[in-house]
Amino acid sequence: MQIEKNKVVSIDYTLTDPQGQVIDSSKDRGPLSYLAGVGGIIPGLENALQGKSEGDKLDLTIPAAEAYGEKDPALVQSVPKHRFQGVQSIQPGLQFQAQGPSGPARMVTVVGVQEDTVTIDANHPLAGMPLHFEVNVVSVRDASSEELAHGHVHGPNGEHSH
Ligand code: ZN
């Protein structure tokens, strides 16, 4: 069975950054399942998997624009340090959830600390980065009508956590 819209696909994958560091892998928690064609995974990966079948292996580098997007300079901002009161040590690399003016909370990374201000970056941590994937297609099946109605994959016994 080939991967196309409305198939449920399970993949094993290892994601590495341009320096070859492993960022994420399915090894520890089992294959990732997604509903094809609904934007559940990054576009570059979705497109590359289109038409593939169980047992196929892919080794690909996805440009930032088709992964988590280019970095948006407007999302890098300086904020007064007093807003971080109560935080033990503010240092570059610190990540936290911040509530935006609209929409859901997003992950924000501290990228610089000055005397009175802290520079934060609300871009996705993987924005602006080409991503290397090694992917193994574990299984492809038809989505159930319930999965199609919900727009996501359910567990092997129809269970889901929402
Ligand atoms: Zn559901």
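The values are calculated or read from the model by the stated rules, or taken from the named source; none is laboratory data. This structure is a prediction, so every number in the text was calculated from the model and none was measured. Cβ coordinates were reconstructed from backbone atoms using ideal geometry, including for glycine residues, and neighbour counts include every protein chain displayed. What goes into the accessible areas is simple: the full protein's heavy atoms, side chains included, and nothing from ligands, DNA or RNA. Shrake-Rupley method; radii C 1.70, N 1.55, O 1.52, S 1.80 Å.
Of note:
- 18 Å Cα cut-off, lysine pairs counted over the chain (separation 8 or more, or different chains): 4
- Computed from phi, the 3J(HN,Hα) profile of segment 55-62 under the Karplus parametrisation 6.51, -1.76, 1.60 (θ = phi - 60°) reads x, 5, 10, 10, 9, 9, 10, 9 Hz, with x in place of Gly and Pro.
- Between residue 116 and residue 98, the simple spin-label model (points 7 angstrom out along Cα→Cβ) gives 1.9 nm.
- Hydrodynamic radius (Kirkwood) for segment 73-121, which is based on Cα pairs only, to one decimal in Å: 11.2 Å
- For segment 13-23, Karplus couplings with θ = phi - 60° (6.51, -1.76, 1.60), whole Hz, Gly/Pro x: 8, 10, 10, 10, 7, x, 8, x, 6, 6, 8
- Largest GNM mean-square fluctuation among 117, 16, 109, using the chain with Cα springs under 10 Å: 117.
- Cα centre as origin, Lys/Arg/Asp/Glu Cβ charges: the chain dipole, Debye: 280 debye
- Amide H to amide H distances under 5 Å link residue 129 with 68, where only residues 5 or more positions off or on other chains count and H is placed in the peptide plane.
- Percent of Cα pairs in segment 1-56 per distance bin of 5 Å, from zero to the largest separation: 4, 17, 28, 25, 17, 7, 2.
- Largest to smallest accessible area among 28, 56 [probe 1.4 Å]: 28, 56
- Label zone (residue 16, point 7 Å along Cα-to-C-beta; backbone nitrogen cut-off 11 Å) within segment 120-158: 132-134.
- Seen from residue 61, the other residues with C-beta closer than 13 Å to its C-beta sum to a net charge of -4, counting Lys and Arg as +1 and Asp and Glu as -1.
- Gain on full extension, evaluated as 0.36 nm per residue between residue 87 and residue 53 minus their Cα-Cα distance, stands at 7.4 nm.
- Mean silhouette area of the chain, derived from the convex hull of its C-alpha atoms and averaged over all directions, reads 11.8 nm².
- Charge context of residue 124, other residues only, Cβ under 14 angstrom, K/R +1, D/E -1: -4
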